[in-house]
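Below is one structure, written out as structure tokens; comments come after it.
The values are calculated or read from the model by the stated rules, or taken from the named source; none is laboratory data. Given the structure is predicted, the values throughout are model-derived calculations rather than measurements. With ideal geometry, Cβ positions are generated from the backbone for all residues, glycine too; neighbour counts draw on all protein chains shown. All accessible areas refer to the heavy atoms of the entire protein, side chains included, with ligands and DNA or RNA removed. Shrake-Rupley method; radii C 1.70, N 1.55, O 1.52, S 1.80 Å.
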Amino acid sequence: DYYGVVTQLHEALELYSSLEEKFDAEDVEGTLTDVAAELKKLPGLHDALWDLFKEVKHKSDEEAYELALESKDKRNEFYSRLSSFCRVLKIALSSIHWVSATSAEQSARYKQDAAFFQNLRGSVKIRYAEEIDYRDYEKQIQKMLNTYVQADEIIQVVEPVNIFEREAFEKEVEKMQTDRAKADAIANRTKKTITEKMEEDPFFYRKLSSLLQQAIDDYKAQRISEAEYLMKVKEVLEQTRGGNTQEAPDLLRNRDLSRALFGAIKEHLANPILQDALLMDRSSNKSPKALSPAELENVIVEVACAMEDIVRSHAVVRWRENSNAQNRMRNDLDDFLYGLQKEQGIPLSFGQMDAILESVLRIAIHRTDDV
């Protein structure tokens, strides 16, 4: 067994035997683990883990455990305590002295609880749409579970499935045992997607975020049932998947960037004074004539399309890192907005023009298409 490594083995043994002679205690402190001292921590770590769920009345109600971890701070504390407990349990299960000195009943309790809480950890990661940090998901803990613990199923914690992967996402949601758990999983994953895509189309995604939060608040206030909660979050999920196409004007169906600009510009022009100006017949020198909502919409569509054309005219390769291209884009957009004010009589203040300009550039920069 030691063929070819005798020299290294001899050196290692020499070093080990000289530890007491050549090193002070502080020099090697933390290098070795006192197994006996670690094993003494196990009961306390076990109790600390259960202490997080002292308010759960029915210990067999898995849903109650998941709801008890709704707070992110409490989930982080749970993950930390679980990791500490499992780490020491692994040491214990590897210790002949501990195994022989511990009753079979107590050992089984520790192992069953480790499996239960690891399963709970997987469930809440899915339910609350948390990113997985593999640094805190120790491979040794999984190996310990596989080696020492018999369980029907342990949920493997993996990278959350994207909501656009329909089939895989549906399978993940179906693992949830109740309508509320399914609704929470959908709501939190959809909320995460909305947050990630917010800068691509702020007007659209803010609206979806509001709808989603309203559904969550209505359920918590008991204004809607679990089934209604699930139905509402599914509706927001489908709108998020579909993008801003259903409510967009027909002229923008095939202009993804213009749809996003349309919402942002419309939001900036929501000022009543600006609306009155836009509602005038700009082609007439006579008395102002009110435009219909459809005609007003067309005006904003024209503005959005014109601004997209300006953006694309300067969108050279890697323009997002090219300050000169951005400056040219900014100047032309600024001239266009000034023209709306000067030539078409739309009373835009310089502050409003700057706000529209910054919104347009920010949206263009964050798009994932070929702009």
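Numbers for the structure displayed
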{"quantity": "Positions within the stretch 55-92 being open to solvent by less than 60 Å² (accessible area, probe 1.4 Å), more than 18 Å from R127 (Cα to Cα) and outside any helix (DSSP H, G or I), in sequence order", "calculated": "V56"}
{"quantity": "All positions within the stretch 164-202 that are in a loop (DSSP other than H, G, I, E, B) and surrounded by fewer than 21 Cβ atoms within 10 Å (Cβ to Cβ)", "calculated": "F164, E165, K175, M176, Q177, T178"}
{"quantity": "Long-range neighbours under 6 Å by Cβ, at least six apart or interchain, first residue touching a residue at least 60 places away in the same chain (Cβ under 8 Å) and over 15 Å from F262 (Cα atoms) within the stretch 348-366, second assigned to a loop (DSSP other than H, G, I, E, B) and not β-branched (V, I, T)", "calculated": "none"}
{"quantity": "Helices (runs of 4 or more DSSP H) lying entirely in the stretch 247-352 (those with 1 or more residues that are at pLDDT 90 or above)", "calculated": "256-268, 293-313, 323-342"}
{"quantity": "Output for the stretch 94-113, where each listed residue is within 36 Å of the chain's Cα centre (by Cα) and open to solvent by less than 30 Å² (accessible area, probe 1.4 Å)", "calculated": "Y110, D113"}
{"quantity": "Scope the stretch 207-256; condition within 17 Å of E170 (Cα to Cα), of a type in the set (A, V, I, L, M) and in contact (Cβ under 8 Å) with a residue 12 or more places away in the chain; matching residues", "calculated": "A227, L230, V233, V236, L237"}
